[in-house]
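Asker: Right, I'll just put the structure down here and ask away after.
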Amino acid sequence: MKTPFGKAATGQRSRTGSRLASVPVTMMKKKAAHKKHRSRPLSRPRRNIVGCRIRHGWKDGDEPLTQWKGTVLDQVPVNPSLYLIKYDGFDCVYGLELHRDERVSSLEVFPNRVASSRISDTHLTEIMIGKAVEHIFETEEGSKNEWRGMVLAQAPVMKTWFYITYEKDPVLYMYQLLDDYKDGDLRILPDSSDSSPAEREPGEVIDSLVGKQVEYAKDDGSKRTGMVIHQVPSHQRMVYLYN
């Protein structure tokens, strides 16, 4: 199955090992390109839908119409038309201009916001964020794969979930990592220079890249550009891109 929306950083990898293709909100470490962009005039304020459940249709070109349901996690300050969404049944976060994208149809916003859940272990949460980890996934065949990654932040709205990205797949994922840790499927790696490549070097000053256009290289050597929509506080050289 192919996912049609813009991802927030890391190719989609589910617990069964399936991958999804989409336009990513990629996580890379790149220098800002020196470009100026004229801002669009804002339309009249819309209802705040962050924290709401949504449902809509999606049709891309000649592909059949599909229906999607999910939770709106955030509205991006540097591009207020862009929302970050966790869709039901998918592990990665998607970026989508819900009110502008012509491929979106029949958008329905449910009236009640998602109820906030309490974190069961605040101490472990504080320890985990910003740390390199090994995350174990089980395939459909029953074998286990280890994925090395980094816990970036506690997710908004769905407070028992965490943003995480992986070395082999630099996209933004969401998992309930406290449960995985207690089940033995997540291991926090000891701090070392090798496990924290995005750490700021002593004396290094990193300017804010949020709202800037950047250029980055893909694994195949091709180059793409995107807008930085977030800079990870604990790892300033790591950003979320929307392209």
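Asker: Of the cross-linked pairs 144/182; 59/86; 159/182; 69/159; 69/182, which ones have a Cα-Cα span greater than 22 Å in the structure shown?
Answerer: Beyond 22 Å between Cα atoms: 69/182.
Asker: Ranked by accessible surface with a 1.4 Å probe, highest first, in what order do 158, 150 come?
Answerer: In descending accessible area the options line up as 158, 150.
Asker: Suppose R0 equals 35 Å. What FRET efficiency, 1/(1 + (r/R0)^6) with r the Cβ-Cβ distance, do residue 179 and residue 67 give to the nearest 0.05?
Answerer: For residue 179 and residue 67, the calculated efficiency is 0.75.
Asker: Residue 189's amide H: which non-local residues (gap 5+, or another chain) put their own amide H closer than 5 Å, with H modeled 1.01 Å from N in plane and none for Pro or chain starts?
Answerer: Here 132, 133, 134 satisfy the definition.
Asker: Amide H of residue 159 versus every other amide H placed in the peptide plane: which residues, excluding those fewer than 5 positions away on the same chain, fall under 5 Å?
Answerer: Placed amide hydrogens put 117 under 5 Å from residue 159.
Asker: Show me, for the stretch 106-115, the HN-Hα J-couplings you get by feeding each phi into the Karplus relation (A = 6.51, B = -1.76, C = 1.60, θ = phi - 60°), rounded to Hz, glycine and proline as x.
Answerer: Listing the rounded values in order: 6, 5, 10, 10, 6, x, 8, 7, 5, 5 Hz.
Asker: Hey, can you grab everything whose amide H is under 5 Å from the amide H of residue 148? Only 5+ residues off in sequence or another chain; H modelled, so Pro and N-termini drop out.
Answerer: Answer set, sorted by chain and number: 135, 167, 168.
Asker: Let me ask another. How much accessible area does residue 126 have with a 1.4 Å probe, in Å² rounded to the nearest 10?
Answerer: Spelled out: residue 126, probe radius 1.4 Å, area about 140 Å².
Asker: Shifting gears a bit: In terms of solvent-accessible area of protein heavy atoms at a 1.4 angstrom probe, what is the ranking of 151, 78, highest value first?
Answerer: 78, 151
Asker: Report ³J(HN,Hα) in whole Hz for each residue of the stretch 116-126, in order, from the Karplus equation J = 6.51 cos²θ - 1.76 cosθ + 1.60 where θ = phi - 60°; Gly and Pro get x.
Answerer: Once rounded to whole Hz, the list reads 6, 9, 8, 6, 6, 9, 5, 5, 5, 4, 5.
The values are calculated or read from the model by the stated rules, or taken from the named source; none is laboratory data. Everything numeric here is computed off the predicted structure, so don't read it as measured data. Don't worry about glycine lacking a Cβ; one is built from the backbone with ideal geometry, like all the others, and counts go over all protein chains shown. For the accessible areas, the whole protein counts, side chains as well, though only heavy atoms, and no ligand, DNA or RNA atoms are used. Shrake-Rupley method; radii C 1.70, N 1.55, O 1.52, S 1.80 Å.
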